[in-house]
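A.B. asks: First the structure, which I've put down as structure tokens, then a few questions once you've had a look.
The values are calculated or read from the model by the stated rules, or taken from the named source; none is laboratory data. Here the structure is a predicted model, which is why all the values come from computation and not from measurement. Quick reminder, even Gly has a Cβ in these numbers, built from the backbone with ideal geometry, and neighbours come from all protein chains shown. SASA here: full protein model, heavy atoms, side chains in, ligands and nucleic acids out. Shrake-Rupley method; radii C 1.70, N 1.55, O 1.52, S 1.80 Å.
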Amino acid sequence: MNKPSPSRRQILRSGLTAAGVLAASVPDWAIPALAQGETEIAFTDIPANFSTKRPNSLTQTLDIRTIDGLFTPADKFFALQHHDQPEVDPAGYRLQVTGLVDNPTTLSIEDLRSLPSTEIAAGYECSGNSPRATQALVSCGLWKGVRLRDLLDGIGVSSRAREVVFFGLDRGVEDVDFRGTVYKLEQQFGRSISIEKAMTPEPLLAYELNGAPLTRPQGFPLRVIMPGWYGVSNVKWLGEIQLQQDRYVGKYQARWYRTIRGEIVDDDIAGQIDAMLAAPNPKEGDRPEPDASQVQWVETEVSRIQLKSVVARVTKRGNGFQILGFVLNDGTPLRSVEVKIDNGPWQRATLSPDNTQYSWKLFTLDWMGAKPGEHMIVSRATDIHGYVQPEEKDLRLKRSFLEHNAQMPRTVKIG
Ligand SMILES: Nc1nc2c(c(=O)[nH]1)N[C@H]1C(S)=C(S)[C@@H](COP(=O)(O)O)O[C@H]1N2
Ligand SMILES: [Mo]
């Protein structure tokens, strides 16, 4: 497994072609930083003590009121992890590619940098992002690295391989539960994708963010970027890629990052189910649940980003105001983004020309004639298939807090 690597020459010999660039060119900011004569309007739904740093924690969040362009600067990028942020010595670093490959391989950073590279703009959120988290677990970056597919093609994958597992260099002791028995086992942070997904053009092994080497909080020296997927898929401090036949069911793949949803069997009983769930503020796990003749319960792994839009910032511009927000999804083209103010009509917002398929999609709406006082502003996105971002009430049968993509009414005060 650690034998010296024949891989680099092999990969080069295999004739990798320079891959086409998927992403945007150098951004031309559609939304500049606050210009002269602009003032930021205060949201009244943000806690007064909101901070992007959490005490005694490596977690950093993004104040979405500061979004002023497609790419989040590295020092403002949100950072989340389950263990610590390992400090990796770049000279000694080797990526291990193991399991069902023709030649188990190790690659240094220089080896990776010498391979054909590509850039992709990818925005993502933590699947736990929500109004409760002030929607602050989100960012968008320009990532440069090697396509996973190209790397695997160069090494040679056994026809028996069905699963590609990514292990981070961070580890921790976890409770691994099997039928009530809890084992305390040291585990690496791990996530997996199918071999079919691995062989699509998007999955990237990234060593740069916004034109500079990855920072430590973002996974230096190498991380996975799965464009269009929730943050958890983007394994940081990548140490090993293992190809195997069996499904990988590690904690952060199969147990922790799961969504439980009920699907109503017959639309005619939707009203009945609403009445049943109307109990005031039941605790999670403490409410009456519809039975199997009414609702089918489905559990899924967190993977593709569910269509979401959020109003992030309001600025005064001359006589009017500008509303700015972002959309996230799995890369499905959008049909529209609309904004509603108070009880007014849905108005079509303008999407930034800088947006790309897997970036977050910035949008703006000019708001003229706003009266002093409190106002409600909400946005909704619709994709090309006609799927509309749900309202809060449409998520009434979602039983875990992840993948919260409901429309989010915001309140602002015009002074
Ligand atoms: N190695 C490793 N990678 C990880 C995690 C982790 O705990 N360890 N956390 C994941 C989660 S839950 C999220 S939301 C994203 C956050 O990516 P960021 O810190 O670059 O914003 O990293 C993912 N990658
Ligand atoms: Mo996450």
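A.B. asks: What is the set of long-range amide H partners of residue 219 at a cut-off below 5 Å, with H atoms built 1.01 Å from backbone N?
C.D. replies: Amide H neighbours of residue 219, under 5 Å, 5+ apart: 237.
A.B. asks: Name the lysines eligible as straight-distance cross-link partners of residue 144: C-alpha to C-alpha under 20 Å, and not fewer than 8 places from it in the same chain.
C.D. replies: Candidates past the 8-residue exclusion: 76, 197, 236, 361.
A.B. asks: Which aspartates and glutamates have a Cα less than 16 Å from the Cα of residue 308, not counting those fewer than 8 places away in the same chain?
C.D. replies: Partners found: 125, 330, 338, 383, 391, 392, 394, 403.
A.B. asks: Choose one answer from 49, 319, 103: the residue with the largest mean-square fluctuation in a GNM of the chain with alpha-carbon springs under 10 Å.
C.D. replies: 49
A.B. asks: Moving on to the next point. DSSP loop GluC sites (Glu not before Pro) in the stretch 228-291 with at most 15 other Cβ atoms within 10 Å of their Cβ, which ones?
C.D. replies: Working: sites: 240, 263, 284; in loops: 284.
Passing both the DSSP loop test and the Cβ count: 284.
A.B. asks: Give me the percent of the accessible area of the chain that comes from carbon and sulfur atoms, probe 1.4 Å, all protein chains in place.
C.D. replies: On the way: 9590 of 19300 Å².
Carbon with sulfur: 50 percent of the solvent-accessible area.
A.B. asks: Alpha carbon centre of the stretch 130-152 versus the stretch 293-351: separation in Å?
C.D. replies: If you average the Cα positions of each part, the centres end up 19 Å apart.
A.B. asks: When the Karplus curve 6.51 cos²θ - 1.76 cosθ + 1.60 is applied with θ = phi - 60°, which whole-Hz ³J(HN,Hα) does each residue of the stretch 47-54 get, with x for Gly and Pro?
C.D. replies: x, 4, 8, 4, 9, 7, 10, 9
A.B. asks: Then there's this: Accessible surface of residue 71 in the full protein assembly, 1.4 angstrom probe, to the nearest 10 Å²?
C.D. replies: 20 Å²
A.B. asks: Then there is this: Which whole-Hz couplings ³J(HN,Hα) result when phi for each residue of the stretch 171-183 is put into the Karplus expression 6.51 cos²θ - 1.76 cosθ + 1.60, θ = phi - 60°, listed in order with x for Gly and Pro?
C.D. replies: Couplings: 9, x, 7, 10, 7, 10, 8, 10, 6, x, 8, 10, 9 Hz.
A.B. asks: First select every other residue whose beta carbon is under 11 angstrom from the beta carbon of residue 278; then total the charges, Lys and Arg +1, Asp and Glu -1.
C.D. replies: Details: positive: 287, 393, 396; negative: 274.
Residues close to residue 278 contribute a combined charge of +2.
A.B. asks: For every other residue with a beta carbon closer than 9 angstrom to the beta carbon of residue 116, add +1 if it is Lys or Arg and -1 if Asp or Glu, then tell me the sum.
C.D. replies: Details: positive: 147; negative: 150.
Its environment carries a net charge of 0.
A.B. asks: Okay, moving on. Of all trypsin sites (Lys or Arg not before Pro) in the stretch 283-340, which ones are in loop regions per DSSP and have a Cβ with at most 12 other Cβ atoms within 10 Å? It would help to have the intermediate numbers written out before the result.
C.D. replies: Working: sites: 283, 304, 308, 313, 316, 317, 335, 340; in loops: 283.
Answer in residue order: 283.
A.B. asks: Oh, and also: Run the numbers on the chain and let me know its relative contact order in percent, using alpha-carbon pairs under 8 Å that are six or more apart. It would help to have the intermediate numbers written out before the result.
C.D. replies: Details: 929 pairs, mean separation 75.4, N = 415.
Here the relative contact order equals 18 percent.
A.B. asks: Can I ask one more? So what is the calculated 222 nm ellipticity per residue for the chain, using -39500 (n - 2.57) for each DSSP H run with n of 4 or more, over all residues, to the nearest 500 deg cm²/dmol? Walk me through the numbers on the way to the answer.
C.D. replies: On the way: 5 runs with 32 residues, N = 415.
Theoretical 222 nm ellipticity from helices: -2000 deg cm²/dmol.
A.B. asks: Also, I was wondering about something else. Give the accessible area for residue 248 in Å² (nearest 10); use a 1.4 Å probe, count only protein heavy atoms, and leave out ligands, DNA and RNA.
C.D. replies: 30 Å²
A.B. asks: While we're here: Under a Cβ-Cβ cut-off of 10 Å, what is the net charge of the residues other than residue 189 that fall near it, where Lys and Arg count +1 and Asp and Glu count -1?
C.D. replies: Details: positive: 171, 191, 236, 251; negative: 170, 174.
Result for the local shell: +2.
A.B. asks: Compare 127, 57, 293 in a GNM of the chain, Cα atoms joined below 10 Å, and give the one with the largest fluctuation.
C.D. replies: 293
A.B. asks: Now for a separate question. Protein chains only, probe 1.4 Å: how do 144, 361 rank by accessible area, largest first?
C.D. replies: Numbers: 144 55, 361 20 Å².
Output order, biggest surface exposure first: 144, 361.
A.B. asks: Compute the distance from the alpha-carbon center of the stretch 161-230 to that of the stretch 57-107, in whole Å.
C.D. replies: 10 Å
A.B. asks: Using Cα springs under 10 Å in a Gaussian network model of the chain, which residue among 153, 102, 291 shows the largest mean-square fluctuation?
C.D. replies: Maximum among the listed residues: 291.
A.B. asks: Expressed as a whole percent, how much of the Cα-Cα distance distribution for the stretch 226-374 exceeds 18 Å?
C.D. replies: On the way: 8070 of 11026 pairs.
So the pairs more than 18 Å apart make up 73 percent of the total in the stretch 226-374.
A.B. asks: Hey, can you grab everything whose amide H is under 5 Å from the amide H of residue 125? Only 5+ residues off in sequence or another chain; H modelled, so Pro and N-termini drop out.
C.D. replies: 231
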